[in-house]
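Comments concern the structure below.
Computed from the coordinates by the stated procedures, all read-outs in this text should not be read as laboratory data. From a predicted model like this one, the values you see are computed outputs, not experimental measurements. Reconstructed Cβ throughout: ideal geometry from the backbone, glycine too, with neighbour counts over all protein chains shown.
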Amino acid sequence: MLFPPDGLPMMHCSIRIRRRLSVLGSVMAGAFSTLGNAVAMVALPWFVLELTGSPLWTGIAAAAGVLPMIAGSLFGGGLVDRFGRRWIAFAGDFTSALAVAAVPLLYHLDMLGIGTLVVLIAVGVAMDGPASIAAESRHPELARLAGFRLERVKAVDELIESAGVLVGPALAGVMIALVGVEDTLWLTAGCSLAAAVLDVVSLPTRRKSDGAKQVAIGIAGAMEAIRFLLRDPLLRSLIMLGTLFGIIFGALEAVVMPAFFKATGQSAMSLGLFLSATGGGAIVGTLAYAAWGHRLSGRGILMFGCAVEALAILALAFAPPVSVLIAAGAVAGFATGPIGPIVATAALRRVPVKLRGRVLGAADALELSAIPLAIVLAGGAVEIFGAQRLLFGCAAALAATTLLAVFLPGLRQLDIRRTGIAASSSAGDDVVSAKEQAPGRAPCAEPQ
């Protein structure tokens, strides 16, 4: 033997460390992408206003960032299932980097018009969907090989992305002040490029399969995914709730809350403090879920989070002092922080590998599809009824949606893995299989 048996545990630990680095690399790729998008959310509208001086063109540019995202998510999943996750993730992030980098480059060359800018925004956003789906759909395999529970991987993923959303706008503001709005976009391009590199390094190459050639793409693939979503009781319930909450929060964040704070004479800082407290609470809640969430009822956490969020919006409608706003936001964020990992984990476990990309993409597209219309309708409703009444209406809508969730039988399946019904399959997601352990040797570490 070239190596003594005593070297096997060390070799096994080295393999495990490399696999855990792959999980970290995949999560960090998503973090860079999220940070870049958060910077762009501030810099691009500002840039369009400076370029055109027109709120109308700013709205058109915003629409150019939503509609291609829906299309990219709906049809990009089929590309992931057919061509593999690694290179679709790389192609998506790299194309986004090129599209964003072209904006300041063409601007400095005096070759950038508003039409070109809208096209570049559409191209960059359209490729974000497939890249995100490709990376996320690989998490179950990476978690299994690394010996992590999938709940913990998704919680850490959500935590890091939440941190990116919190840091991104502030970083964009600092960069705009220091180097100007057009050159701030180089930061977004750099984040997308870093994500592309991490995609190649961390995502394993897929084994070639004849079945991949038969994967339906385009409209046929999207319809196959939608049919799967509608047939599965749990996923159907989650899509229904996700769409309803997306409509409500899309209207709240884009129109109702800013209008309410302005109408009641409160400063934008008060709104920012409320949102920051919500984001900070979500980070703490996600951390708690990463540590202990697998021991609790997923359905119970979901119901509790939805109910607390409804109460927080109700409290907001009474225009309380800033200290109460911050407390309400922090509690709501803490309660809702675990919802994202719970839903993502359930979806990844329910969907077969061969359908995973298409189903995740279709789910994202369905949840996003109603948001643009909801924002437009909310703007008209604020004009007619006033922001405060609409805020009360949103709180009531959240409460009604929470009540609906109580009576959705499909949501009971969120706790199947916690009741032991699926214990026979838990090893596939939560622990390293026996084939990956050295014969006769103890594993390097227990599942985290």
**OP:** Kindly put Asp157, Asp183 in sequence by how many other C-beta atoms sit within 10 Å of each C-beta, fewest to most.
**Re:** Asp183, Asp157
Subject >> Distance (nanometres) between label positions extended 7 Å along Cα→Cβ at Arg389 and Trp292 >> reply: 4.5 nm
Original post:
Taking all pairs of different Cα atoms in segment 220-421, averaging 1/r and flipping that mean, what Kirkwood radius in angstroms comes out?
Top reply: 17.8 Å
Subject >> In Hz, Karplus ³J(HN,Hα) per residue of segment 238-243 (6.51, -1.76, 1.60; θ = phi - 60°; x = Gly, Pro) >> reply: 5, 5, 4, 5, x, 5
Subject >> Pair Val284, Ala370: separation of 7 Å Cα→Cβ label points (nm) >> reply: 3.2 nm
Original post:
Rounded, prolate or oblate: which fits segment 1-203 when a ≥ b ≥ c are the square roots of the eigenvalues of the alpha-carbon gyration tensor, with rounded for a/c under 1.5 and prolate only if a/b beats b/c?
Top reply: prolate
Subject >> Percent RCO, i.e. relative contact order, over segment 220-421, from Cα pairs under 8 Å lying at least 6 residues apart >> reply: 42 percent
Original post:
What is the Cα centroid distance between segment 42-99 and segment 243-266, reported in whole angstrom?
Top reply: 24 Å
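Neighbour counts of other C-beta atoms within 10 Å: give me Phe90, Phe318 arranged from fewest to most.
Working: Phe90 22, Phe318 11.
In increasing order of surrounding Cβ atoms, one gets Phe318, Phe90.
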**OP:** Using Cα pairs closer than 8 Å and at least 6 residues apart in sequence, work out the relative contact order for segment 1-203, in percent.
**Re:** 43 percent
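Shape of segment 103-205 from its Cα gyration tensor (a ≥ b ≥ c, root eigenvalues): rounded if a/c is under 1.5, otherwise prolate when a/b > b/c, or oblate? Write out the running numbers ahead of the final one.
Working: a/c = 2.94, a/b = 1.89, b/c = 1.55.
Prolate, because a/c is 1.5 or more and a/b exceeds b/c.
Note down the net charge around Gly333, summing +1 for each Lys or Arg and -1 for each Asp or Glu among other residues with Cβ under 15 Å from its Cβ. Don't skip to the end; give the middle numbers.
Values: positive: none; negative: Glu158, Glu161, Glu253, Glu309.
It works out to a net charge of -4.
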Original post:
Which FRET efficiency value, to the nearest 0.05, do you get for Arg236 and Ala400 by plugging their Cβ-Cβ distance into 1/(1 + (r/R0)^6) with R0 = 25 Å?
Top reply: 0.85
**OP:** Would you mind ranking Lys262, Lys154 so that the residue whose beta carbon has the fewest other beta carbons within 10 Å leads the list?
**Re:** Lys262, Lys154
Original post:
Once both labels are modelled 7 Å past Cα along the beta-carbon direction, what's the Lys354-Thr52 spacing in nm?
Top reply: 4.6 nm
Subject >> Zone residues, segment 127-149, relative to Leu105, backbone N less than 20 Å from point 7 Å out along Cα-to-Cβ >> reply: 127-128
Subject >> Segment Ile60-Leu178, length gained on full extension (0.36 nm per residue, minus Cα span) >> reply: 39.7 nm
